[in-house]
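Novice: My questions will all concern the structure given below.
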């Protein structure tokens with residue numbers, strides 16, 4: 001018997017073409033009439049029992065890599081994001097890891113089905129767990145960069161909870177990556193060339209396979225490089241405008257007099273001025289230096305010329321002050337650093353994948369897999385730094401400044417780049433065989449992710465030394481910093497060139513450095529199962545599967561020297577995150593044919609599965625699942641399932657070591673200016689009275705320094721999340737097999753969801769407590785005593801991971817397929833559509849209800865339509881990916897797109913329209929040469945534009961649904977030579 005886990009040739013074509021599950025008898029009957037062999041029994045994701053692939057009680061999408069390549073998709077992540085189960089939520093892509101803290105670190109790509117996150121979607125590689133990969137302490141999911149698309153044959157997506165079979169993480173579903181086998185030998189060159197520079201993609205791979213009497217092997221080597229896309233490469237990323245409009249439709253943005261266009265509202269630099277000089281200009285005063293001579297040449301009045309009782313060195317001009325809204329446009333923030341800021345990082349991936357099997361006897365086969373991949377990711381960025389630790393500087397300590405005012409210098413630096421190298425190795429060794437009519441499998445999997453992360457930093461000890469010297473008005477006298485071991489250098493905080501980013505080598509060496517950390521994640525799994533038929537019932541054979549699994553996970557994240565010592569100024573600090581977890585499980589599955597060939601039930605099957613799991617970190621859990629597949633009449637069937645799932649705490653959720661970050665007082669402290677807040681109705685009477693009881697004075701109205709936010713793991717208190725998944729659907733196939741339709745309703749409910757209890761939640765729950773004196777959350781933060789500049793702000797909040805939240809998702813999946821053969825060729829049309837009904841979460845039981853569906857990043861309707869024509873060796877394909885309109889207006893005070901600016905009612909944009917991206921391609925084979933040529937983003941659609949108040953970059957919406965438009969229109973080509 002052939003034990004390879006592969007589909008019959010006809011089955012592959014049917015499933016790939018349809019993208020949905022039909023009833024089994026239609027296709028099996030056709031084969032029997034044609035004298036073909038019956039459909040081979042196989043194991044498909046969602047069941048351990050070997051059966052024909054259509055007899056399933058849960059919906060499964062199967063996406064072939066051949067189809068993905070025809071659509072110009074270059075990575076596994078891109079392929080998975082075309083599934084409507086993933087397209088309805090914002091996914092972690094390489095672009096979204098730049099400038100944001102994401103699990104897995106910079107450059108990692110993950111996928112989460114149903115919007116429930118990557119931690120709740122299980123990734124399998126050839127039916128076995130694929131260990132996590134990435135950098136930093138929050139590694140918990142498989143990095144989709146770890147295996148090249150060239151090594152993959154297809155991907156099976158089970159869109160239902162499956163912990164009863166697969167254990168933890170299979171809450172939203174399971175993705176099974178099936179690699180290629182066979183004896184073909186190919187060389188492939190693949191390119192993707194945008195019409196504008198930036199974001200180019202090049203790949204070359206060689207695959208060699210052999211089959212012989214006793215076994216087979218296949219080796220694939222792959223090299224891929226994605227060029228960096230920077231903000232300056234695309235106009236729609238290069239300038240963030242306010243995008244505000246008056247009632248007549250004209251723009252209300254302040255105008256940049258240099259260009260005559262709306263002002264670019266980017267990262268500011270220069271001098272923030274306080275005190276009497278600021279009051280003279282109506283408050284909120286900044287000073288910009290006249291670098292290009294524009295102010296002087298065009299008659300602008302300098303601060304020295306204004307006679308406001310405050311003088312500066314020559315060349316400083318007032319901008320962005322309260323008395324004149326137009327002055328906001330005078331501030332030139334289109335700095336050269338902006339154009340170099342990374343949108344999509346430079347990524348190079350080198351991969352080697354090998355698989356093989358050898359028949360030890362007629363009934364036992366030995367097999368193995370090995371993958372090694374190395375990913376390097378590089379980013380460029382820029383940032384501000386300022387005298388945050390000493391605050392404003394009096395004019396008296398600054399050369400050239402005098403009068404009634406204080407100075408707060410803010411500088412820019414492009415010393416904010418990073419580079420990542422992740423080496424991922426995964427090996428599998430196993431035996432499979434037959435004992436009579438039963439098939440058994442025993443395998444061992446070992447994966448290691450070893451990642452180095454290098455980050456440009458500003459030395460905190462150097463910053464403190466430089467700031468205190470400035471505040472005290474003293475110069476360096478040979479002091480040496482504590483951790484960076486740098487000899488003191490005088491820093492000219494108000495020098496225009498220093499603020500702009502032009503610094504001496506001595507200044508650069510004193511202030512700036514680089515920190516290197518390392519993350520190692522190891523996973524080992526021993527797994528075995530046996531499947532076969534228990535006995536025969538009148539309606540058929542009762543199939544069963546029994547198995548066990550032992551798994552050990554270990555994480556060891558060691559941040560760099562300066563991060564560990566809190567010497568990275570303005571960035572999160574972290575300790576060593578290290579820990580392990582051992583899991584033991586047994587599982588069983590039974591499939592019973594209840595009825596066959598009776599009125600109203602051509603076939604009725606019941607599937608039941610259960611799993612007992614023991615975790616050494618928190619205890620045991622039991623899950624179950626029941627499924628029903630009812631073929632009412634030939635071609636029409638109903639399927640339903642209900643099961644429980646769980647997710648064990650990820651290692652970083654257990655062992656994260658006091659990661660620190662920073663937050664603003666306005667976002668966290670309800671006692672800031674609480675008198676005004678109470679008068680306006682912004683805070684309740686409870687909060688008002690508790691602020692008084694806590695000793696916060698009513699004149700605490702000006703926010704002080706930032707809040708230190710500490711996040712720690714929850715080892716010893718965390719339990720597993722539990723969930724219930726339900727689904728019911730109907731499948732119809734036309735008698736001639738031309739049309740097929742499926743409709744499936746799904747609902748997933750998660751209890752005791754693990755969530756980070758952060759600063760704002762802790763502080764607000766404390767001050768909203770009716771038992772304020774005994775509220776335990778009030779013990780998790782400290783408040784300053786007002787001894788410095790009347791600063792009574794929150795000093796530090798100690799948060800962490802706890803089981804507190806609840807989440808629920810509901811929706812409907814629709815699939816339609818038409819396929820037919822004609823004398824002039826074959827046509828295939830397929831639509832996959834998901835309607836999301838509800839997705840909401842509550843951090844606390846009394847948290848307000850909020851349905852995320854329809855908000856930005858969560859379109860109600862998503863889908864993909866594919867039309868293909870084929871004739872012999874020639875194929876034409878058109879694909880359209882579409883996303884419903886969304887908006888986030890409910891989060892604004894007016895709950896509309898209106899606000900008041902400069903005394904005028906204006907409208908802004910925080911919505912995305914219905915968006916469709918089109919791709920066309922054609923391919924042909926000629927004497928062993930396969931040629932593919934296509935055009936992606938045919939109509940060169942740009943990302944939706946939103947105002948600067950939203951989740952945007954240069955007014956481009958940064959949600960993963962629109963990543964096709966980040967690069968713009970592009971040509972893609974693929975040449976494969978078979979030798």
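Novice: Tell me whether the range 913-936 contains one or more residues that are assigned to a loop (DSSP other than H, G, I, E, B) and buried (at least 16 other Cβ atoms within 10 Å of the Cβ).
Specialist: no
Novice: It is to be established whether one or more residues within the range 752-763 are in contact with a strand residue (DSSP E or B) (Cβ under 6 Å, 6 or more places away or on another chain), surrounded by fewer than 19 Cβ atoms within 10 Å (Cβ to Cβ) and within 30 Å of residue 630 (Cβ to Cβ).
Specialist: No: zero hits.
Novice: Does at least one position in the range 799-821 carry a residue that is free of Cβ contacts under 8 Å to residues at least 60 places away in the same chain, under 29 Å from the mean Cα position of the chain (by Cα) and not in a strand (DSSP E or B)? Please lay out each step first, then the result.
Specialist: Filtering the range 799-821 down to residues free of Cβ contacts under 8 Å to residues at least 60 places away in the same chain leaves 804-806, 821.
If we keep only those that are under 29 Å from the mean Cα position of the chain (by Cα) as well, we get 804-806.
The next check asks that each one be not in a strand (DSSP E or B); those that pass are none.
No, there is no match, as no residue in the range 799-821 is free of Cβ contacts under 8 Å to residues at least 60 places away in the same chain, under 29 Å from the mean Cα position of the chain (by Cα) and not in a strand (DSSP E or B).
Novice: Considering only residues of the range 676-688 that are surrounded by fewer than 17 Cβ atoms within 10 Å (Cβ to Cβ) and touching a residue at least 12 places away in the same chain (Cβ under 8 Å), which is farthest from residue 701 (Cα to Cα)? Before you say what the answer is, go through the steps one by one.
Specialist: Just the residues of the range 676-688 that are surrounded by fewer than 17 Cβ atoms within 10 Å (Cβ to Cβ), to begin with: 676, 679-682, 684-686.
Those left that are additionally touching a residue at least 12 places away in the same chain (Cβ under 8 Å): 676, 684, 686.
Details: 676: 9, 684: 18, 686: 19 Å.
The qualifying residue farthest from residue 701 (Cα to Cα) is 686.
Novice: Being within 14 Å of residue 471 (Cβ to Cβ) and outside any loop (DSSP other than H, G, I, E, B) is the filter here; which residues of the range 391-404 pass it?
Specialist: 393, 394, 395, 396, 397
Novice: Got a number for residues in the range 179-201 being under 28 Å from residue 123 (Cβ atoms), surrounded by fewer than 16 Cβ atoms within 10 Å (Cβ to Cβ) and within 32 Å of the chain's Cα centre (by Cα)?
Specialist: Number satisfying all stated conditions: 0.
Novice: Which members of the range 405-436 meet the condition of being in a loop (DSSP other than H, G, I, E, B) and farther than 24 Å from residue 570 by Cα?
Specialist: Let us first name the residues in the range 405-436 that are in a loop (DSSP other than H, G, I, E, B), namely 405, 414-417, 436.
Of everything in the range 405-436, those that are in a loop (DSSP other than H, G, I, E, B) and farther than 24 Å from residue 570 by Cα turn out to be 405, 436.
Novice: As an exercise: evaluate residue 910 against (1) touching a strand residue (DSSP E or B) at 6+ places or on another chain (Cβ under 7 Å); (2) within 18 Å of residue 196 (Cα to Cα) and give the number of the one condition it does not meet.
Specialist: Among (1) touching a strand residue (DSSP E or B) at 6+ places or on another chain (Cβ under 7 Å); (2) within 18 Å of residue 196 (Cα to Cα), the lone unmet condition for residue 910 is (2).
Novice: Could I ask something else about it? Which one of the conditions (1) surrounded by fewer than 18 Cβ atoms within 10 Å (Cβ to Cβ); (2) part of a strand (DSSP E or B); (3) in contact (Cβ under 8 Å) with a residue 24 or more places away in the chain does residue 711 fail to meet, given that it meets all the rest?
Specialist: With respect to (1) surrounded by fewer than 18 Cβ atoms within 10 Å (Cβ to Cβ); (2) part of a strand (DSSP E or B); (3) in contact (Cβ under 8 Å) with a residue 24 or more places away in the chain, residue 711 is out only on (1).
Novice: Yes or no: the range 73-82 includes at least one residue that is part of a loop (DSSP other than H, G, I, E, B), modelled with pLDDT of 90 or more and farther than 20 Å from residue 373 by Cβ. First the steps, then the outcome.
Specialist: Keep residues of the range 73-82 that are part of a loop (DSSP other than H, G, I, E, B), which gives 73-75, 82.
With the extra rule that they be modelled with pLDDT of 90 or more, the set shrinks to 73-75, 82.
In the following step, the residues that additionally are farther than 20 Å from residue 373 by Cβ were identified as 82.
Yes: the range 73-82 contains one or more residues that are part of a loop (DSSP other than H, G, I, E, B), modelled with pLDDT of 90 or more and farther than 20 Å from residue 373 by Cβ.
Novice: Report every pair of residues separated by at least 6 positions or lying on different chains whose Cβ atoms are under 8 Å apart, first residue within the range 532-543 and free of Cβ contacts under 8 Å to residues at least 12 places away in the same chain and at negative phi, second surrounded by 13 or more Cβ atoms within 10 Å (Cβ to Cβ) and part of a strand (DSSP E or B).
Specialist: 535/541; 535/542; 536/542
Novice: Please specify each residue of the range 303-333 satisfying the condition of being in a loop (DSSP other than H, G, I, E, B) and closer than 23 Å to residue 386 by Cα. Can you show your working first?
Specialist: Let us first name the residues in the range 303-333 that are in a loop (DSSP other than H, G, I, E, B), namely 307-309, 312-315, 320-324, 331-333.
Selection gives 312, 313, 314, 315, 320, 321, 322, 331, 332, 333.
Novice: Which one is farthest from residue 921 (Cα to Cα), of the residues in the range 83-103 that are part of a loop (DSSP other than H, G, I, E, B) and over 9 Å from the mean Cα position of the chain (by Cα)? Steps first, answer last, please.
Specialist: Filtering the range 83-103 for residues part of a loop (DSSP other than H, G, I, E, B) gives 83, 88-94, 98-103.
From the residues that got through so far, the ones that are over 9 Å from the mean Cα position of the chain (by Cα) too are 83, 88-89, 98-101.
Numbers: 83: 19, 88: 25, 89: 27, 98: 31, 99: 34, 100: 35, 101: 37 Å.
Of everything passing the filter in the range 83-103, 101 is farthest from residue 921 (Cα to Cα).
Novice: Every residue in the range 937-966 that is within 20 Å of residue 191 (Cα to Cα), assigned to a helix (DSSP H, G or I) and in contact with a helix residue (DSSP H, G or I) (Cβ under 8 Å, 6 or more places away or on another chain), please.
Specialist: 963, 966, listed by residue number.
Novice: Quick one: would you say residue 376 is closer than 23 Å to residue 277 by Cα, in contact (Cβ under 8 Å) with a residue 40 or more places away in the chain and touching a strand residue (DSSP E or B) at 6+ places or on another chain (Cβ under 8 Å)?
Specialist: No.
Novice: Something else about it: Any idea which residue in the range 290-302 is nearest to residue 412 (Cα to Cα), counting only those that are outside any helix (DSSP H, G or I) and out of contact with any helix residue (DSSP H, G or I) (no Cβ under 8 Å at 6 or more places or on another chain)? Give the steps one after another, and end with the answer.
Specialist: The first filter runs over the range 290-302 and keeps only residues outside any helix (DSSP H, G or I), leaving 290-293, 298-302.
Cutting the leftovers down to out of contact with any helix residue (DSSP H, G or I) (no Cβ under 8 Å at 6 or more places or on another chain) gives us 292-293, 298-299, 301.
Numbers: 292: 17, 293: 20, 298: 26, 299: 27, 301: 25 Å.
This residue is 292.
Novice: Restricted to the range 261-284, and to residues that are surrounded by 19 or more Cβ atoms within 10 Å (Cβ to Cβ) and part of a loop (DSSP other than H, G, I, E, B), which residue is farthest from the chain's Cα centre (by Cα)?
Specialist: 281
Novice: Can we say residue 576 is surrounded by fewer than 17 Cβ atoms within 10 Å (Cβ to Cβ), touching a strand residue (DSSP E or B) at 6+ places or on another chain (Cβ under 6 Å) and touching a residue at least 40 places away in the same chain (Cβ under 8 Å)?
Specialist: yes
Novice: Okay, moving on. Quick one: is residue 287 in contact with a helix residue (DSSP H, G or I) (Cβ under 7 Å, 6 or more places away or on another chain) and outside any loop (DSSP other than H, G, I, E, B)?
Specialist: Answer is yes for this residue.
Novice: Kindly check whether there is at least one residue in the range 225-240 that is touching a helix residue (DSSP H, G or I) at 6+ places or on another chain (Cβ under 6 Å), at pLDDT 95 or above and surrounded by fewer than 21 Cβ atoms within 10 Å (Cβ to Cβ).
Specialist: yes
Novice: Taking the range 793-806, which residues are closer than 16 Å to residue 389 by Cα and crowded, with 18+ Cβ neighbours inside 10 Å?
Specialist: Matches in the range 793-806: 793, 794.
Novice: While we're looking at this one, here's another question. What are the residues in the range 95-116 that are over 18 Å from residue 659 (Cβ atoms) and modelled with pLDDT under 85, if any?
Specialist: 95, 96, 98
Novice: Can you work out which of the residues in the range 104-118 that are assigned to a helix (DSSP H, G or I) and touching a strand residue (DSSP E or B) at 6+ places or on another chain (Cβ under 7 Å) is surrounded by the fewest Cβ atoms within 10 Å (Cβ to Cβ)?
Specialist: Here the residue is 115.
Novice: To continue, here is another question. Would you please name the residue that is surrounded by the fewest Cβ atoms within 10 Å (Cβ to Cβ), looking only at residues in the range 241-260 that are in contact with a helix residue (DSSP H, G or I) (Cβ under 7 Å, 6 or more places away or on another chain) and in a strand (DSSP E or B)?
Specialist: 255
Novice: Further, regarding this structure: Go through (1) surrounded by 17 or more Cβ atoms within 10 Å (Cβ to Cβ); (2) in contact with a strand residue (DSSP E or B) (Cβ under 6 Å, 6 or more places away or on another chain); (3) at pLDDT below 90 and name the single condition residue 703 misses.
Specialist: (2)
The values are calculated or read from the model by the stated rules, or taken from the named source; none is laboratory data. Predicted model only: the values in this text are computed from it and were never measured. Positions of Cβ are generated from backbone atoms using ideal geometry, with glycine treated the same way; all protein chains shown enter the neighbour counts.
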